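FYI, it's all coordinate maths here, none of it is from the lab. No experiment lies behind these values; they were computed from the predicted model shown. Note that each Cβ is placed from the backbone with ideal geometry, even for glycine, and that neighbours are counted across all protein chains shown.
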Amino acid sequence: MSEPAPRHPGFPLRDGALHVEGIPLDDIARRFGTPCYVYSRATLEAALAAYQHALAGRDALVCYAVKANSNLAILQLFARRGAGFDIVSGGELARVMAAGGDPGKVVFSGVGKTEAEMRQALEAGIYCFNVESAAELERLSAVATALGREAPIALRVNPDVDARTHPYISTGLRSNKFGVAHGEALALYRRARTLPGLRIRGIGCHIGSQLLDPEPAAQAAGRIVALADALAADGITLEHLDLGGGLGIAYRDDEPAPTVADYLAPLLARLEGRRERLLVEPGRSLVGAAGVLLTRVEYLKHGQEKDFAIVDAAMNDLMRPALYDAWHDIVAVRPRPQPARGYEIGGPVCESGDFLGHERPLAIAAGDLLAVMCAGAYGMTMSSNYNTRARAAEVLVEGDRVHQVRRRETLAELLAAESTLPD
């Protein structure tokens, strides 16, 4: 009997074991230990290619949102395939440049840019600053003038569109901290035109993350296009429209995500006949489905009300379930031919919120390996050393080749930056 089609194409079930491309995941665990993040190169490349294909024939730039996964190998992979980058810190800019990314394809977003970060970005020669407040505009003008440089800018305009996503990852409502209010944007662009050291390059928006319905993004695009026309009537000509990212992925089978082409189609329809360059800033949809968190079952614990599978990965390795009550598919790397039981999947961290999943039907024993699926986005980048736990290793697989792209931290490294008091 043939095995069922894989629910996660980059991680097929073959010969009784879950694989990453051509490598069994239990081979990865033997070589690199657990917890371990594992990425499929083919899945990463296919995700970027879907955007580039959907945007073919128009002046467009895909700027990967680095915060989703900032591993140098992944940044290098995207840079070599022509991607730009959306960054939110000076540290992310340093990562992009260390990975060989072109600073001339970098957009710097974020509400709290420091003077030092502004100088760093100006000296690197980034493509554009997405300015998020009047105060930031004044600061950037002063920093650029002091350096004798010209800062290319766009205002990130808050279109007040409900993204219909989790409130923690919604960014386009008037109650959010992000961006400039839509009603104030025209006056602020007029102010920017008078300030030294600034060059108006475009306009941007971003309404949130894990979007499964294209309509809010298309609605936001319509509001940005109308504002661009109002600016043109006022003599302010824009070179680009930055319509953000946010396309979600299918964490659950019953919540399928649209394809990239289907998601972009209504948005692109709002841009029909326009001459401005288009920027998009996908993050999760490029890396989320390309990664899994590999973890081993330490104990099975049968409580009075619930059964627990205690694993060696924890909330410090994957924060999303504790932070958002986010759902990830959790599967056995080598499924056992026995009846499944419902388990709470918990880690060793001393918090009741330390869980990876609730009531998951699994046929497992102590020592078995589990794969937490669709963990390539906001997994490693949000990890921490809580409970003095070393952060996981990261591995990237291409076919039958395995590359360790981040080694596991050591306890000595965790302690090295600290000092005890003198006698």
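Structure notes:
- Crossing angle, helix 134-147 versus the chain [Cα axis fit, 0-90 degrees, rounded to tens]: 80
- Among ASP26, ASP368, ASP253, residue whose mean-square fluctuation peaks in a GNM of the chain (springs only between Cα atoms under 10 Å): ASP253
- Packing-based ranking, highest mean first, of 184-191, 131-138 given that Cβ atoms within 10 Å are counted: 131-138, 184-191
- For the chain, the longest principal axis of the C-alpha atoms and the axis of helix 185-194 are separated by about 60°.
- Rounded FRET efficiency, nearest 0.05, which uses the C-beta distance separating ARG252 from ARG139 and R0 of 45 Å: 0.55
- Between the beta carbons of ALA181 and ALA232, assuming R0 = 22 Å, the FRET efficiency works out to 0.60 to the nearest 0.05.
- Simple spin-label estimate for ARG14 and ARG119 gives 5.3 nm between the two label positions (7 Å along the Cα-to-Cβ direction from each Cα).
- The helix-only estimate of mean residue ellipticity at 222 nm for the chain, built from DSSP H runs of length n ≥ 4 each weighted as -39500 (n - 2.57), is -8000 deg cm²/dmol after division by the residue total.
- Gyration tensor (alpha-carbon) shape descriptor, region 273-423, a/c threshold 1.5: oblate
- By the equivalent-ellipsoid construction on the alpha carbon gyration tensor, region 189-258 comes out with semi-axes of 33, 12, 7 Å, ordered largest to smallest.
- Crossing angle, helix 41-54 versus the chain [Cα axis fit, 0-90 degrees, rounded to tens]: 30
- Candidates GLY208, GLY283, GLY353: whichever shows maximal mean-square fluctuation once the chain is modelled as a Gaussian network with Cα springs under 10 Å: GLY353
- Relative compactness, the chain, computed as alpha-carbon Rg over 2.2 N^0.38 Å: 1.05
- Summing Cβ point charges (Lys, Arg +1; Asp, Glu -1) relative to the Cα centre of region 109-282 gives a dipole of roughly 640 debye.
- Listed residues PRO321, PRO348, PRO339, most fluctuating in the chain (Gaussian network, C-alpha, under 10 Å): PRO339
- Simple Cβ-charge dipole of the chain, Lys/Arg +1 and Asp/Glu -1, about Cα centre, in debye nearest 20: 760
- C-alpha center-to-center spacing [region 323-347, region 69-127] in angstrom: 36
- Length available on full extension from ARG341 to GLU298: 0.36 nm per residue minus the Cα-Cα distance, which gives 13.8 nm.
- Cα lying deepest toward the dipole's positive end in the chain, options LEU195, VAL111, GLN338, charges on Cβ: LEU195
- Spatially close Lys pairs in the chain, defined by Cα atoms under 22 Å apart and a spacing of eight or more places or different chains, total 5.
- Region 109-282 - convex hull of alpha carbons, volume per residue in Å³: 114
- When each of the peptides 10-18, 67-75, 406-414 is scored by how many other beta carbons lie within 10 Å of its residues on average, the order from highest to lowest is 67-75, 10-18, 406-414.
- Cut-off 15 Å between beta-carbons: net charge of the residues surrounding VAL349, Lys and Arg +1, Asp and Glu -1: -3
- The chain, relative contact order [Cα under 8 Å, separation at least 6], %: 18
- Length released on extending from GLU150 to VAL111, taking residue separation times 0.36 nm less the Cα-Cα span: 12.0 nm
- Ordering GLY16, ALA134, THR145 by the projection of their Cα atoms onto the charge dipole of the chain, which places +1 on the Cβ of Lys and Arg and -1 on the Cβ of Asp and Glu, puts THR145 at the extreme positive end.
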